[in-house]
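**Q** Dropping the structure in here first, questions after.
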Amino acid sequence: MPTETTLSSRLMPVPEAGRVLVFDSGMGGLTVAREIMARAPRVAVDYAADTGFFPYGDKSDAALRARLPEIAAQLVERAKPDVFVIACNTASTLALEEVRAQLDIPVVGTVPAIKPAVASTKTGVIGLLATPGTIRRDYTARLIDDFAQGVSVIMHGSIELVRLAEAHAAGEAHDAAGFGAAVQPIFEADGGDRVDTIVLACTHFPLVREQLVAASPRPVQFIDSGAAIARQTLRVLSRETEGRAPNDRPGGRVFLTSSLSQNRRLLSVCRTFGFPSAHDLMAEENAENRSASI
Ligand code: DGL
């Protein structure tokens, strides 16, 4: 019997045309971009990080709601993708509809992988590891109400793990005890002794999956939404680019919302994920405005 994954990848046409812009607050969306690139090497994939407002997970809902549609519009204007992917749970669970309303191209969002975790738990107790923002969202509560009936969900929000993931990905010195501090509250909560599955509901966290596995007091399954988002992005892109000739232009561009010199660490990680060409969105906007007004 083929598994669900092999069956769907066999049935799904792999697009060879079109451009995707993958967006996050920082490095986390790279874990989604790599899933897209692995499945569709001819598709042009660019990356955007809202480094000027990183991290999202400790920002107020109002501040993020005000920022996201505007930033998305500027990025799309600059990068001209066919599909915009919000590779960030914190942003998608708050403002996916607002971003959709702002853009005239399809937008794919990222939400916690509750459904697959519920399908795979044997004990009926799952953990949800996310940013504090994602944990407190009504959207997350609704996902749990709709898809986790009869299953206990133990939630823990950690902004430290976002920062730790970035430091680890960049090969910088960091406090490895932080990985244990991030997962332990799930195991130590009421019912935590029965957790068998943990949802990594922040796109940064797959960057440190191995460290989280090692820091867990016993083996559990870690699930994220990267592969599902990649499949959905490619389904949408196939529809958008039907009949178009294969790409002759590669992706590989990175757009940031703060100066490149402040983001050497992120840019070096982007290079290792296949994004060598960096652009400071704000500086370019300002330069354009200046030359327009001269
Ligand atoms: N990568 C983002 C997510 O999936 C959040 C990281 C942040 O707090 O900026 O939630």
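**Q** Just checking: which of the strands (runs of 3 or more DSSP E) contained wholly in the stretch 1-114 hold 1 or more residues that are among the charged types (D, E, K, R) and open to solvent by less than 10 Å² (accessible area, probe 1.4 Å)?
**A** By residue number, 19-24, 44-49.
**Q** Separate question: Can you pull out the residues in the stretch 208-248 that are polar (S, T, N, Q), free of Cβ contacts under 8 Å to residues at least 60 places away in the same chain and not in a loop (DSSP other than H, G, I, E, B)?
**A** Within the stretch 208-248, just Gln211 meets the criteria.
**Q** Here are Ala182, Ala189, Ala148: which of them is under 17 Å from Met27 (Cβ atoms) and open to solvent by less than 40 Å² (accessible area, probe 1.4 Å)?
**A** Ala182
**Q** Let me ask another. Filter the stretch 213-232 down to the residues that are aliphatic (A, V, I, L, M), touching a Pro at 6+ places or on another chain (Cβ under 9 Å) and farther than 22 Å from Leu21 by Cβ, then identify the one that is surrounded by the most Cβ atoms within 10 Å (Cβ to Cβ).
**A** Result: Ile223.
**Q** Moving to a separate point now. Considering each residue of the stretch 192-201, count those that are hydrophobic (A, V, I, L, M, F, W, C) and either more than 12 Å from the ligand (Cβ to nearest atom) or open to solvent by 10 Å² or more (accessible area, probe 1.4 Å) (or both), and give that number.
**A** Residues that pass the stated criteria total 2.
**Q** Tally time: how many residues in the stretch 42-73 are within 16 Å of the ligand (Cβ to nearest atom), under 19 Å from Ser277 (Cβ atoms) and either of a type in the set (S, T, N, Q) or touching a strand residue (DSSP E or B) at 6+ places or on another chain (Cβ under 6 Å) (or both)?
**A** Residues in the stretch 42-73 being within 16 Å of the ligand (Cβ to nearest atom), under 19 Å from Ser277 (Cβ atoms) and either of a type in the set (S, T, N, Q) or touching a strand residue (DSSP E or B) at 6+ places or on another chain (Cβ under 6 Å) (or both): 4 in total.
**Q** Would you please name the residue that is surrounded by the fewest Cβ atoms within 10 Å (Cβ to Cβ), looking only at residues in the stretch 251-266 that are in a helix (DSSP H, G or I) and over 17 Å from the mean Cα position of the chain (by Cα)?
**A** Ser261
**Q** Moving on. For the subset of the stretch 12-42 comprising residues that are in contact with a helix residue (DSSP H, G or I) (Cβ under 9 Å, 6 or more places away or on another chain) and basic (Lys, Arg), which member is nearest to Arg67 (Cα to Cα)?
**A** The selected residue is Arg19.
**Q** Would you check if Phe205 is open to solvent by 10 Å² or more (accessible area, probe 1.4 Å), under 21 Å from Gly28 (Cβ atoms) and within 16 Å of the ligand (Cβ to nearest atom)?
**A** Criteria not met by Phe205.
The values are calculated or read from the model by the stated rules, or taken from the named source; none is laboratory data. Note that the structure is a prediction, hence the values are computed from the model and not measured. Note that we place each Cβ from the backbone using ideal geometry, even for glycine, and neighbour counts take in every protein chain shown. Just so you know, the surface numbers come from the protein's heavy atoms only, side chains and all, with ligands and any DNA or RNA stripped out. Shrake-Rupley method; radii C 1.70, N 1.55, O 1.52, S 1.80 Å.
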